[in-house]
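Please read the structure below before turning to the comments.
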Amino acid sequence: MKLESIETYATAPPSGIGGSFWILVHVRTDDGIEGVGECYGIPFSPSIACAMVTDTFDRFIAGEDPHNIEAMFRRVYSAGFTQRPDPTMMSVFSGIEMAVWDILGKAAGQPVYNLLGGAFHQRLRTYTYLYPRNVHDPSLPTDEADVYHDPDEAAARALEYVEQGWTAVKQDPAGPYSFQGGRELSLYELERSEANVAAVRQAVGDQADILFGTHGQMSTSSAIRLARRLERFDPLWFEEPCPPDQVEAFGRVAHATSIPVATGERLTTRVEFHQVLKAGVSILQPDIGRSGGVWETKKIAVMAELFNAQLAPHIYCGPVAHAAAAHVAFSSPNFLVLESIDTPFHRDVLVKPLSWDAGYLAAPTEPGLGVELNLDAVVANPATDGGRLHLEMCQQPLDSANRRTIGEIEGG
């Protein structure tokens, strides 16, 4: 069995939930087995991203035995004389490698988690962001309520999710997020964030964990100031408080607060995750479509065990990467909770959608990743060049003056 060909698809979710576009791949073997994968957050236009995937497959993967995951990883990791973590190349490779694992599972007649050590967990606890009502479905009028910055609306939405069975909800009221890097939040932003968490905690009580995200926009001192305001509400974690390249800052924040510090959605390979573990991060959030794929993410999870750290895979993408991350989670003793997104389009692009039971994801029994693309839905929603990238930041610097509010900042 040899890896023979690849097809790429750039598709745009109508709601924008899960990113502006997804890069999905089909890999085929010479004996007719097909595997599906997903690349996360390649920071280029869709056509360029697809060309990168095809070029990488043709150069380093085509003709290879799909069992040779280590050899394929090393070739791509070292491409162009780099031999170091590269977010773009690892995003490209992750989607291809994901599809290769789908092939291996199908060839063996086993779910991928059985090739990674078996199902340590029979179901996975999942969490959701606090999304506005109806935002998942473009056919419905979008709720104008500001669940991101209005404490009362955040609390009401959190309670609705808890009543649906979710046991953990996440919010990130400290934005907007600027390209400038770490900055000092204003007192207005600090107080708003504290008020949001206070309202959510009062609403959900001990029925749900609160996960506090920040997307890395704070200076070290500002992150510590905010963490100390939030401690009394007992969040499960304080996510990416500083820019992802500030490893030492993560350590300083982690040692200054009782809230566990989490990070990982913008990191890649075990090299970078080892650095943040050594700094003091205790919850890792690899995105399997960027971190290096299934095998590399499994290595990251195993490495985390040596630091008594936990795994909480990041999911802001399509359902293929979601399914792949779940297989690593099912097989990992130190799994904590899995981010999840469920929209009509997430369901439409799969022949058989992922399904939840009261906030939990059950272990699939199908061979491979257990998902197949509905190509009619994929090609009916093409992603075109010239628009937004997968995720983008506010393209202007922000200051910490209290007069600056969300409504005054373009893109906020």
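The numbers here are math on the coordinates, done by the rules we state, and not lab data. In this text the structure is predicted, and so the values were computed from the model without any measurement. Cβ coordinates were reconstructed from backbone atoms using ideal geometry, including for glycine residues, and neighbour counts include every protein chain displayed.
Details
- Volume per residue for the stretch 255-412 equals 184 cubic angstrom (convex hull of Cα atoms).
- Gaussian network model of the chain, springs between alpha carbon atoms under 10 Å - residue of Val25, Val162, Val294 with greatest fluctuation: Val162
- Footprinting exposure proxy ranking of Cys317, Cys39, Cys50, fewest other C-beta atoms within 10 angstrom first, gives Cys50, Cys317, Cys39.
- Degrees separating the helix 46-56 axis from the principal Cα axis of the chain, which is the longest one: 50 degrees
- Taking Cα centre as origin and charging only the Cβ of basic (Lys, Arg, +1) and acidic (Asp, Glu, -1) residues, the dipole magnitude of the chain rounds to 1020 debye.
- DSSP bridge orientation in the chain - percent antiparallel, rounded to nearest 5: 50 percent
- Karplus-derived HN-Hα couplings along the stretch 97-105 (A = 6.51, B = -1.76, C = 1.60, θ = phi - 60°), whole Hz, x at Gly and Pro: 5, 4, 5, 5, 5, 4, 5, 4, x
- Most to least packed among 193-204, 57-68 [average Cβ atoms within 10 Å]: 193-204, 57-68
- The fraction of Cα-Cα pairs per 5 angstrom bin, counted from 0 for the stretch 177-221, comes to 5, 19, 23, 21, 15, 12, 5, 1 percent, rounded to whole percents.
- For the stretch 23-83, a Kirkwood radius taken over Cα pairs fed into Stokes-Einstein (25 °C, viscosity 0.890 mPa s) yields D = 192 µm²/s.
- GluC sites (Glu not before Pro) restricted to the stretch 258-338 and DSSP loop, no more than 15 other C-beta within 10 Å: none
- Whole-Hz couplings from phi, Karplus 6.51/-1.76/1.60, listed for the stretch 190-196; x for Gly and Pro: 4, 5, 5, 4, 4, 5, 4
- If the Kirkwood radius is taken over C-alpha pairs of the chain, then at 37 °C and 0.692 mPa s the Stokes-Einstein diffusion coefficient equals 153 µm²/s.
- Helix axis angle, 220-230 relative to the chain longest principal axis, alpha carbon, degrees: 70 degrees
- Amide H contacts of Gln310 (H built 1.01 Å from N, in plane; Pro and chain starts excluded): Ile283, Leu284 sit under 5 Å, all sequence-distant by 5 or more or on other chains.
- Centre separation in Å (Cα based) which lies between the stretch 344-388 and the stretch 53-127: 19 Å
- Stokes-Einstein translational diffusion, the stretch 1-117 - Kirkwood Rh over all Cα pairs, 0.692 mPa s, 37 °C, in µm²/s: 226 µm²/s
- Options Phe330, Gln122, Pro244, ranked by Cα towards positive dipole end of the chain, top entry (Cβ charges): Pro244
- Reference-scaled alpha-carbon Rg (2.2 N^0.38 Å with N residues) for the stretch 334-383: 1.31
- When each of the peptides 79-89, 213-223 is scored by how many other beta carbons lie within 10 Å of its residues on average, the order from highest to lowest is 213-223, 79-89.
- Per-selection Rg to Rh, the stretch 184-324 - Cα, Kirkwood hydrodynamic radius: 0.98
- Considering only the Cα atoms of the stretch 280-345, their convex hull presents on average a projected area of 4.2 nm².
- The C-alpha atoms of the chain define a longest principal axis, and helix 294-305 lies at about 50 degrees to it.
- In order along the stretch 275-288, the phi-based Karplus estimate (6.51 cos²θ - 1.76 cosθ + 1.60, θ = phi - 60°) of 3J(HN,Hα) comes to 5, 6, 4, 4, 6, x, 5, 10, 9, 9, 10, x, 9, 4 Hz; Gly and Pro are listed as x.
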